[in-house]
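Input: a single structure, listed below in structure tokens.
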Amino acid sequence: MKSITSVYKIGNGPSSSHTVGPYHAAQTFGARYPNADSYEVTLFGSLAFTGEGHGTGKAIDNALPGIKIIYNRTETDLPHPNTMLFRAFRDGQEIAATRIFSIGGGSIRFENESSEEDKEVYPQTNFTEILDLCNQENISILQLIYILEGPTLRDYLRKVWRAMQDAVRRGLAAKGTLPGGLGVVRKAKYLFEKRCYNESSDVTMNRLIAAYAYAVSEENASENVVVTAPTCGSCGVLPSILYYMQHDRGFPENEILDALAVAGLIGNVIRTNASISGAECGCQAEIGSACSMAAAAVATLFGLSIDQIEYAAEIAMEHNLGLTCDPVGGLVQIPCIERNAVAAMRALSSVNLSRFLYETRKISFDEVVATMYRTGLDLDSKYRETSHGGLAEIYREANS
């Protein structure tokens, strides 16, 4: 498996597959052919259908100003749902053409090429192998991560955590309407400040976690800087619950960084054996993965065993199976923002169940990841980030 640093990428929203990945692709392609006097990119699949709403063209143009952008919504025989064809020209003649795939979480792959991100860090390929090695060597999952990742990981996680906290704080302070034309009003500040006179501690906890999730997700929808965890569309789940644990429950930063490390490993296992792309496997691959990562993070903070961590992650994913990606208007707003808050609270519930019931479980984390992938491939394409089905279709019909 690759380094968990590739799970966490800092960049502008609203979509890791549609903005962070394409921006990086355009930037890299332009750097390869600096002598070109013009560029062109054709977007296919999900990028063509929802790219305008997601700001894909803007992201690409920021990386390669003046590039011609074409949306091809007819070609269906694609090697990946997020396919881009970049072309470079000089004096009217094509000097290069390359297909690049935005494979989820802000990662890209050039056709028929390997990249630095392809470097193998973990000899293990799934969670079962990780579990077996930890038991054989009598080490914790955290010890395994830091042994294999090396001393630079902690500094990177600190940078990631700083960016996550900044997104929460900005989102809590912001007011107004989100861009895109749906007229969605920011709600994080209201949730954070609105307190019932007889509010119980549990209600307060859920309200604050939801406020933090809304804050990050609304920053993402506003095309501001967030961290893929593992994607932009699901970027509010993990930071919301960790922000609560540090700022409202008093967990020290070093323990938060450890929780981020374990969460990153969970996301890495999912990405290696299934997908974190909504265009490939629906929202279960994004929100389901984020929920699993958050559950594993909290279980780590609570000092639970590796078996309990695994069970928490498994519960979180299992109960997001089949979740479709049908963003209204092609925007990462409805139902995406609310979904981040719900997933954060579900992650906490998953940990509470795993604490007591882990010895009775029948399904492994690897099995539920394999199930998610198979389910995602079975989903009709209209439920995989094309905005052609589900809530997006119903809303469009009701408001036409």
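The values are calculated or read from the model by the stated rules, or taken from the named source; none is laboratory data. Keep in mind the model is a prediction, meaning the values are calculated, not measured. Quick reminder, even Gly has a Cβ in these numbers, built from the backbone with ideal geometry, and neighbours come from all protein chains shown. For the accessible areas, the whole protein counts, side chains as well, though only heavy atoms, and no ligand, DNA or RNA atoms are used. Shrake-Rupley method; radii C 1.70, N 1.55, O 1.52, S 1.80 Å.
Taking E367 as the residue in question, decide whether it is more than 16 Å from the chain's Cα centre (by Cα) and open to solvent by less than 10 Å² (accessible area, probe 1.4 Å). Give the derivation first.
Details: more than 16 Å from the chain's Cα centre (by Cα): yes; open to solvent by less than 10 Å² (accessible area, probe 1.4 Å): no.
Against the criterion (more than 16 Å from the chain's Cα centre (by Cα) and open to solvent by less than 10 Å² (accessible area, probe 1.4 Å)), E367 does not qualify.
Across the stretch 191-205, what is the number of residues that are touching a helix residue (DSSP H, G or I) at 6+ places or on another chain (Cβ under 8 Å) and either open to solvent by 40 Å² or more (accessible area, probe 1.4 Å) or within 23 Å of G53 (Cβ to Cβ) (or both)?
To start, the set of residues in the stretch 191-205 that are touching a helix residue (DSSP H, G or I) at 6+ places or on another chain (Cβ under 8 Å) comprises 191-192, 194-196, 199, 205.
With the extra rule that they be either open to solvent by 40 Å² or more (accessible area, probe 1.4 Å) or within 23 Å of G53 (Cβ to Cβ) (or both), the set shrinks to 191-192, 194-196.
Selection size over the stretch 191-205: 5.
Table: residues versus (1) over 28 Å from N126 (Cβ atoms); (2) part of a loop (DSSP other than H, G, I, E, B).
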{"position": "Y8", "(1), (2)": "no, yes"}
{"position": "N35", "(1), (2)": "yes, yes"}
{"position": "T50", "(1), (2)": "yes, no"}
{"position": "G53", "(1), (2)": "yes, no"}
{"position": "I60", "(1), (2)": "yes, no"}
{"position": "T76", "(1), (2)": "yes, yes"}
{"position": "T98", "(1), (2)": "yes, no"}
{"position": "I108", "(1), (2)": "no, no"}
With the first residue restricted to the stretch 185-205 and required to be farther than 16 Å from R170 by Cβ and in contact (Cβ under 8 Å) with a residue 12 or more places away in the chain, and the second required to be open to solvent by 100 Å² or more (accessible area, probe 1.4 Å) and in a helix (DSSP H, G or I), Cβ contacts under 8 Å at 6 or more apart or on different chains are none
So A36 clears everything in (1) more than 23 Å from V226 (Cα to Cα); (2) of a type in the set (A, V, I, L, M, F, W, C); (3) free of Cβ contacts under 8 Å to residues at least 60 places away in the same chain except one condition, right? Which one?
(3)
Boolean, L379 is in contact (Cβ under 8 Å) with a residue 12 or more places away in the chain and within 30 Å of A211 (Cβ to Cβ)
no
List every residue pair whose Cβ atoms sit under 7 Å apart, with the two residues 6 or more apart in sequence or on different chains, where the first one lies in the stretch 69-81 and is open to solvent by less than 80 Å² (accessible area, probe 1.4 Å) and the second, anywhere, is hydrophobic (A, V, I, L, M, F, W, C) and assigned to a loop (DSSP other than H, G, I, E, B).
N72/F44; L78/F44
Is at least one residue of the stretch 112-124 closer than 30 Å to A213 by Cα and in contact (Cβ under 8 Å) with a residue 24 or more places away in the chain?
yes
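Go through the stretch 323-342 residue by residue and tally those that are over 23 Å from A297 (Cβ atoms) and either open to solvent by less than 30 Å² (accessible area, probe 1.4 Å) or among the aliphatic types (A, V, I, L, M) (or both). It would help to see each step written out before you state the result.
First pass over the stretch 323-342, keeping only residues over 23 Å from A297 (Cβ atoms): 324-331, 333-335.
Checking the rest, the ones that are also either open to solvent by less than 30 Å² (accessible area, probe 1.4 Å) or among the aliphatic types (A, V, I, L, M) (or both) come to 325-328, 330-331, 333-335.
Summing the residues that are over 23 Å from A297 (Cβ atoms) and either open to solvent by less than 30 Å² (accessible area, probe 1.4 Å) or among the aliphatic types (A, V, I, L, M) (or both) in the stretch 323-342 gives 9.
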For residues in the stretch 140-161 being in a loop (DSSP other than H, G, I, E, B) and exposed (fewer than 15 other Cβ atoms within 10 Å of the Cβ), which is modelled with the highest pLDDT?
G150
Scanning the stretch 84-110 residue by residue, the ones that are out of contact with any Lys or Arg (no Cβ under 6 Å at 6 or more places or on another chain) and either surrounded by 22 or more Cβ atoms within 10 Å (Cβ to Cβ) or closer than 22 Å to V227 by Cβ (or both) total 10
Enumerate the helices (runs of 4 or more DSSP H) found wholly within the stretch 162-276, keeping only those where 1 or more residues are of a type in the set (K, R).
188-193, 201-221, 253-273
Taking the stretch 287-318 and keeping only residues that are open to solvent by 20 Å² or more (accessible area, probe 1.4 Å) and either under 24 Å from S17 (Cα atoms) or out of contact with any Lys or Arg (no Cβ under 7 Å at 6 or more places or on another chain) (or both), one is left with T300, F302, G303, S305, I306, D307, E318
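Looking at the stretch 163-185, which of the residues that are over 21 Å from the mean Cα position of the chain (by Cα) and more than 30 Å from T5 (Cβ to Cβ) is most open to solvent (accessible area, probe 1.4 Å)? Step through it out loud before you land on a result.
The initial filter retains those residues of the stretch 163-185 that are over 21 Å from the mean Cα position of the chain (by Cα), namely 173-177, 181-185.
Narrowing further to those that are more than 30 Å from T5 (Cβ to Cβ): 175-177, 181-185.
On the way: K175: 159, G176: 36, T177: 89, G181: 77, L182: 44, G183: 48, V184: 20, V185: 78 Å².
Top of the filtered list is K175.
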